[in-house]
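The structure under discussion appears below in the form of structure tokens.
Only the coordinates and a few stated rules stand behind these numbers; no lab work does. Computed from a predicted model, the values in this text were never measured in an experiment. Neighbour counts are summed over all protein chains in view; Cβ atoms, including those assigned to glycine, are modelled from backbone coordinates with ideal geometry.
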Amino acid sequence: MADGSDKSWILMVTAQSPTNIAVIKYWGKRDETLILPINDSISVTLDPDHLCTTTTVAVSPKFEKDQMWLNGKEISLAGGRFQSCLREIRSRGTDYEDQEKGISIKKQDWEKLNVHIASFNNFPTAAGLASSAAGFACLVYSLAKLMNVKEDQGQLSAIARQAHLTLQGSGSACRSLYGGFVKWAMGNDPNGSDSIAIQLATEAHWDELVIIIAVVSSRQKETSSTSGMRESVETSPLLHHRAKEVVPKCIVQMEEAIRNRDFPSFAKLACVDSNQFHACCLDTSPPIFYMNDTSHKIISCVEKWNRAEGTPQVAYTFDAGPNAVLIAKNRQVATLLLQKLLFYFPPASETDLSRYKLLRLCFRVSFAWLAFLYLEISYLIGDKSILKEAGIETMKDVEALPPPPEVKDNIPSKNAGDVSYFICTRPGRGPVVFSDEKALLHPETGLPK
Ligand code: DP6
């Protein structure tokens with residue numbers, strides 16, 4: 001380790017990792033310890049500018065124990081899985097030398113150095129938006145960079161797959177080690193060595209897609225994915241049929257659809273897969289309900305529109321929660337989608353009345369710009385420019401939205417407040433390392449800034 005005389009140095013790495021949304025779902029493990037899935041899955045990585053985790057990891061001879069802070073709060077690292085993840089990475093660390101700072105770390109030193117970790121999500125952790133996928137990918141990626149691990153992304157994805165903190169964790173984190181379109185191959189090896197993430201295409205390959213997420217409920221998930229999928233594996237015959245007979249064919253077709261940027265096939269496969277995953281949840285005993293009425297209304301809105309157009313415009317997919325992830329085939333379709341969504345699900349509700357009143361007050365005293373700002377801030381986050389493109393600049397524009405033509409004979413009621421907010425994003429890049437200026441830990445103390 002450094003020359004032994006100076007123990008004040010701190011070595012740190014800051015990285016940012018994206019989250020991902022599966023279009024062919026992972027649901028069910030064949031090995032709970034190694035986190036080996038019962039089928040392949042495919043995901044789209046979401047733009048980290050809108051949804052990501054930033055993590056700083058640091059080592060120093062002066063750190064007395066391993067410590068971690070998540071969104072500013074210290075959390076326990078007692079979980080065996082976290083320790084085994086750390087052990088895996090430490091054992092793969094290689095020699096590190098920085099003569100200027102007087103740091104020289106030998107391979108065998110990594111296990112003697114304690115780590116400090118600070119992690120921050122740029123989106124609500126409790127929104128059920130696969131925050132753990134971004135989190136664990138970021139943890140593994142930044143620790144690997146810090147410890148000079150030479151393994152490629154595929155091998156790192158195998159560690160990310162198994163990274164669990166206390167009871168939370170995410171096998172799907174392995175797909176966040178790449179940008180664009182990613183497959184998690186289930187593998188055959190009983191020791192899990194070939195259960196890794198593989199990039200199918202970069203985000204640039206299909207950059208027309210626009211993703212709008214409707215955050216339906218900000219409450220914590222009721223049944224965690226981990227226990228939900230365990231119960232499905234134990235009790236759902238449909239899940240086993242899906243894993244054995246359905247998914248293998250869909251994976252081949254989805255890979256082809258992505259390769260050819262074939263939106264109709266992509267959308268059909270994604271919607272069918274999401275519905276089948278939720279059917280497996282219903283087939284579980286006792287049944288698991290992740291979607292709610294709002295989720296069903298969103299499905300029906302998209303299905304009606306797609307049918308009216310004669311070819312899919314938008315794909316929908318739902319994870320283990322009620323939030324809808326809607327993938328529009330291009331920007332123009334996304335603006336139409338947003339108009340429809342805002343028609344059905346305008347902001348405000350009984351409980352949001354103050355927000356509504358504030359908006360109305362703004363208009364009454366001609367602070368339309370303030371109202372717009374408020375609408376922008378509170379009801380659509382991410383790529384906010386889409387609001388303007390959809391011609392929605394004020395609350396009045398929302399109120400004036402016409403009913404979607406495909407429902408003109410049977411106009412459904414509006415569902416104000418059923419969607420907490422929307423996020424507009426697109427396919428994005430994989431993890432990146434940031435300069436120390438963006439570190440979440442103080443360079444001198446190694447404590448959160
Ligand atoms: C529905 O990766 O969160 O989002 O491996 O048990 O931690 P564990 O589960 P997790 O499950 C994700 C399930 C899903 C589908 C998917 O992302 O493929």
Packing-based ranking, highest mean first, of 26-33, 137-144, 96-103, 66-73 given that Cβ atoms within 10 Å are counted: 137-144, 26-33, 66-73, 96-103
Amide proton proximity set for D31, modelled H, under 5 Å, gap of 5+: L36
As a footprinting exposure proxy, order L46, L146, L441 by other Cβ within 10 Å, with the fewest listed first. L441, L146, L46
As a check on your grasp of the helix formula, calculate [θ] at 222 nm for the chain: sum -39500 (n - 2.57) over DSSP H runs of n ≥ 4, divide by the residue count, round to the nearest 500. -10500 deg cm²/dmol
Measure of size requested: the Rg and Dmax of the chain, with Cα atoms as the atom set and Å as the unit; please supply both. 23.1, 81
Neighbour-count order for V419, V149, V272, fewest beta carbons within 10 angstrom listed first: V272, V149, V419
As I understand it, the value is the acute angle between the Cα axis of helix 225-235 and the longest principal axis of the Cα atoms of the chain; what does it come to in degrees, rounded to 10? 80
Note on the chain: contact order normalised by length, alpha-carbon pairs under 8 Å, 6 or more apart, percent, works out to 22
For segment 385-449, run through the GluC sites (Glu not before Pro) and keep only the ones in DSSP coil with at most 11 other Cβ atoms within 10 Å of their Cβ. E444
The residues T223, T45, T294, T317, sorted from fewest to most surrounding Cβ atoms within 10 Å, come out as T223, T294, T317, T45
Under Stokes-Einstein, with the Kirkwood radius over Cα pairs standing in for Rh, what whole-number D in µm²/s applies to segment 227-356 at 4 °C and 1.567 mPa s? 79
Which angle from 0 to 90°, rounded to the nearest 10, does the C-alpha axis of helix 247-259 make with the longest principal axis of the chain? 80
Place the peptides 328-337, 51-60, 9-18 in order of packing, highest mean first, counting for every residue the other Cβ atoms within 10 Å and averaging per peptide. 51-60, 9-18, 328-337
Cα-based Rg and Dmax for segment 7-69, in Å, come out at 17.5, 49
Between S172, S43, S91, which gets the highest mean-square fluctuation from a Gaussian network model of the chain, Cα cutoff 10 Å? S91
Using the structure shown, list the pairs from K329/K408; K304/K408; K384/K449; K329/K384; K150/K438; K106/K145 with a Cα-Cα distance above 22 Å, or answer none. K329/K408; K384/K449; K150/K438
Along segment 108-113, Karplus-curve 3J(HN,Hα) (6.51, -1.76, 1.60; θ = phi - 60°) to the nearest Hz, with x for Gly and Pro, reads 6, 6, 4, 6, 8, 8
Listed highest first by mean packing, meaning other Cβ atoms within 10 Å per residue, what order do 173-179, 106-112, 275-281 come in? 173-179, 275-281, 106-112
Calculated FRET value between V272 and W9, using beta carbons and R₀ = 51 Å, to 0.05: 0.40
Note, ³J(HN,Hα) from phi for segment 336-347, Karplus 6.51, -1.76, 1.60, rounded to Hz, x at Gly and Pro: 5, 4, 4, 4, 5, 4, 6, 5, 6, 10, x, x
Go ahead and run the numbers for FRET between E32 and A400, Cβ-Cβ distance against an R0 of 35 Å, rounding to 0.05. 0.10
